[in-house]
1. Using +1 on the beta carbon of Lys and Arg, -1 on that of Asp and Glu, and nothing else charged, what's the dipole of segment 36-99 about the Cα centre, debye to 20?
2. Mind checking segment 33-89 for chymotrypsin sites (Phe, Trp or Tyr not before Pro) that DSSP puts in a loop (not H, G, I, E or B) and that have at most 11 other Cβ atoms within 10 Å?
3. Spelling out what I want: for every residue of segment 67-79, take phi, set θ = phi - 60°, compute 6.51 cos²θ - 1.76 cosθ + 1.60 (Karplus), and round to whole Hz; glycine and proline get x.
4. Which of the lysines could a cross-linker bridge to Lys99, judged by Cα under 29 Å and excluding same-chain residues fewer than eight apart?
5. Listed highest first by mean packing, meaning other Cβ atoms within 10 Å per residue, what order do 21-33, 60-72 come in?
6. Between Thr67 and Lys99, what is 0.36 nm times their sequence separation minus the Cα-Cα distance? Round to one decimal in nm.
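Every number in this text was worked out from the coordinates using simple rules, so none of it is lab data. This structure is a prediction, so every number in the text was calculated from the model and none was measured. Cβ placement follows ideal geometry from the backbone for every residue including glycine, while neighbour counts extend to all protein chains displayed.
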Amino acid sequence: MQRQERGCLPCGNCMVTVPQDRFYAVEKFGKYSHILKPGLATVGFDCCGACISFRSITSRTEQNMVTVSTKTKDNVFVHVKVAVQQAVMPEFTELAMYK
């Protein structure tokens, strides 16, 4: 799940603390710049939080439960519960956020 994030200083986004279970994408004037890994990071000068923004995505494994109904060859309907687990691989974080 993606969400917008803010920096740790009240009037700007020049420094940010990235939690251990998230990856942050840095956007400068709305264009993707780079990925921040967990920890404290500086991203440059930002005037009143207008130039630099952040998107985040979780690095935890997420599970989606789905009930699928299908019809067999002998006209019997079968209802199957399927659990799909997904996680973001660190090297494909940009693709997971923007594609």
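1. Once rounded to the nearest 20, the dipole reads 260 debye.
2. Phe45
3. Once rounded to whole Hz, the list reads 9, 10, 10, 9, 9, 7, 5, 9, 6, 10, 8, 10, 10.
4. Reachable lysines: Lys28, Lys31, Lys37, Lys81.
5. So the order, starting with the most tightly packed, is 21-33, 60-72.
6. My answer for the length gained is 8.9 nm.
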